[in-house]
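Accompanying notes for the structure given below.
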Amino acid sequence: NTKGNMVIPPAFSIEPLAFSEGFAVVEKRNGKMVMIDKAGSVVCREYDKISPFQDGYAFAEDGLQGAYVLDSRFKEVKGPIEHLRLTNAPFKFYHNIFYKPADFKGDGFYYNNGEEYKLVYGWALGMLSENLIHCRTNEVDGFINYKGELVIVFENDEF
């Protein structure tokens with residue numbers, strides 16, 4: 001705690017992620033992941049991977065079926081989402097949207113409640129950067145906003 005007293009004993013195999021909405025993701029010695037509260041008590045069942053909470057939702061993956069959306073009571077409220085596989089790195093959300101990097105199922109964007117975020121057909125989409133999404137077609141390289149409107153265009157000779 002802030003006074004230097006140990007509140008949660010070192011009982012897990014790796015350093016926990018930061019607390020988010022009162023809970024932290026930790027890995028148990030068996031390789032499974034759970035969430036703990038600020039007293040160090042395990043508050044959900046084991047998953048293969050789990051993400052921190054973002055506005056009342058977290059993602060969890062168990063086996064090869066896909067990811068599930070957990071609500072703040074750890075109830076699976078959506079899933080399995082077949083095309084969503086969790087990475088080892090925590091998701092970075094911008095306005096409740098995150099980018100899932102490409103894997104064997106392809107890349108994409110998702111809201112924190114598990115709904116897929118779809119934009120204009122034909123864009124090759126890249127990373128989120130605050131309020132903008134990097135996009136590319138054969139003719140255009142630039143950034144679009146969350147409405148799919150092109151707001152920055154790079155000229156061919158600029159970069």
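Readers should treat all values here as calculations from the given coordinates under stated rules, not as data from a laboratory. Quick caveat, the model's predicted, so the values are computed rather than measured. Here the Cβ positions follow ideal geometry from the backbone for every residue, glycine too, while neighbour counts run over all protein chains shown.
Residues with beta-carbon under 13 Å from that of Ile8, excluding Ile8: net charge, scoring Lys, Arg +1 and Asp, Glu -1?
In short, -1.
Rounded to the nearest 0.05, what FRET efficiency do Ala18 and Arg45 give with R0 = 22 Å and r taken as the Cβ-Cβ distance? Could you check?
So, using R0 = 22 Å, E works out to roughly 0.55.
Which order, highest average first, do 24-34, 47-57, 137-147 follow once you tally other Cβ atoms within 10 Å for each residue and take the mean per peptide?
Highest-to-lowest ranking by the protection proxy: 47-57, 24-34, 137-147.
In sequence order, what are the phi-derived ³J(HN,Hα) couplings for segment 148-154 according to the Karplus relation 6.51 cos²θ - 1.76 cosθ + 1.60 with θ = phi - 60°, rounded to whole Hz, with x for glycine and proline?
With coefficients 6.51, -1.76 and 1.60, one gets x, 8, 6, 10, 9, 10, 8 Hz.
Between beta-carbons, use under 15 Å as the cut-off and find the net charge around Met35, counting Lys and Arg +1, Asp and Glu -1.
-3
As I understand it, the dipole of segment 3-53 uses +1 on the Cβ of Lys and Arg and -1 on the Cβ of Asp and Glu, about the Cα centre. Which of Val26, Phe12, Ile50 lies farthest toward its positive end?
Going by the Cα projections, it comes out as Phe12.
Once you've got the Cα coordinates, tell me which of Lys3/Lys78; Lys38/Lys147; Lys38/Lys78 are over 31 Å apart.
Lys3/Lys78; Lys38/Lys147
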